Amino acid sequence: MNNPFGYNALQAKIQGLSVQVGELFADLYKDPNADSMEALEAYKSLRRLLPREYDWASDSRHIGATAAHKATQGVMS
């Protein structure tokens, strides 16, 4: 698969935001007083704006899924 972020600035911005919101979710999740579920919903909404890796496969992940998932786990490097 080609790197679609190199050709579509809007998709690159959405991916960047989804990583940031994923990191925010991870931080909020660690705080027992925080309502992290709102951040999780925002993350999921952003991810749904991106196209899937393979248009022909309905169970295909959205582009940038690995980096975005790592952000929600607090494992960005």
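Is one or more of the residues making up region 46-66 in contact (Cβ under 8 Å) with a residue 12 or more places away in the chain, of a type outside the set (D, E) and on the phi > 0 side of the Ramachandran plot? The answer is yes; a qualifying residue exists. Summed over region 38-70, the residues that are under 17 Å from V19 (Cβ atoms) and of a type in the set (F, W, Y) give a count of 1. Restricting attention to region 21-36, the residues being more than 16 Å from G74 (Cα to Cα) and of a type in the set (A, V, I, L, M) number 1.
Coordinate-derived values only; no laboratory data. No experiment lies behind these values; they were computed from the predicted model shown. Note: ideal-geometry Cβ built from the backbone for every residue, glycine included; neighbour counts use all protein chains shown.
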